[in-house]
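The values are calculated or read from the model by the stated rules, or taken from the named source; none is laboratory data. Given the structure is predicted, the values throughout are model-derived calculations rather than measurements. Neighbour counts are summed over all protein chains in view; Cβ atoms, including those assigned to glycine, are modelled from backbone coordinates with ideal geometry. Remember, those area values only see protein heavy atoms, side chains included, never the ligands or the DNA or RNA. Shrake-Rupley method; radii C 1.70, N 1.55, O 1.52, S 1.80 Å.
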Amino acid sequence: MKTFIIALSASVLCFAACNQNKPTDSTTADMQDTTTSDKQCYQAVVKTDSASLSYQIVHGKVIGTLAFNFAEKDDSHGDIKGEFKGDTLFVDYVFQAEGTTSKNPLVFLKSGNDLKQGYGEITTYLGKTYFKDRSQLKFEDGFLFKPVACQ
């Protein structure tokens, strides 16, 4: 019995010592995550304006980049972070435009393989900007993003 207790104690100590070097940095842990989806890329063109969107899903959250190229106003480009709620993608868009960094909510409706950009009234409360009433979002006049090969 004494030999069993010594062997068990040695196993516990060895296990504890082996687990001391596990990464605790969330970035490192994210890179090792097996729930990461393949990168999805989209392009949208409306007359002389265009936009490109790419994202991955990591731990159920969407992360990616978005850029708008406008003929009549300043372009914008930045990062998106958010999540799908059913067939609707809600993201915060942190972007550079006109020499400043801004943050706005954006919404996209998945329709087949496409994503339709939506619009709605935006409000700010306690420093957080969001859509005032999600039931009033409209998807008719926004960019229509079509899947493209990622580069």
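Only one residue in VAL46, VAL107 is modelled with pLDDT of 95 or more, of a type in the set (A, V, I, L, M, F, W, C) and under 20 Å from PHE139 (Cα atoms). Which one?
Criteria check complete, one pass: VAL107.
Checking the condition within 29 Å of THR35 (Cβ to Cβ), out of contact with any Phe, Trp or Tyr (no Cβ under 6 Å at 6 or more places or on another chain) and not acidic (Asp, Glu), which residue from LYS47, LYS85, LYS132 passes?
Result of the check over LYS47, LYS85, LYS132: LYS85.
Does segment 91-105 contain any residue that is under 17 Å from the mean Cα position of the chain (by Cα), within 19 Å of LYS39 (Cα to Cα) and open to solvent by 60 Å² or more (accessible area, probe 1.4 Å)?
No; the residues of segment 91-105 include none that is under 17 Å from the mean Cα position of the chain (by Cα), within 19 Å of LYS39 (Cα to Cα) and open to solvent by 60 Å² or more (accessible area, probe 1.4 Å).
Does segment 78-90 hold any residues that are open to solvent by 30 Å² or more (accessible area, probe 1.4 Å) and of a type in the set (Val, Ile, Thr), and which are they?
Hits for segment 78-90: nothing passes.
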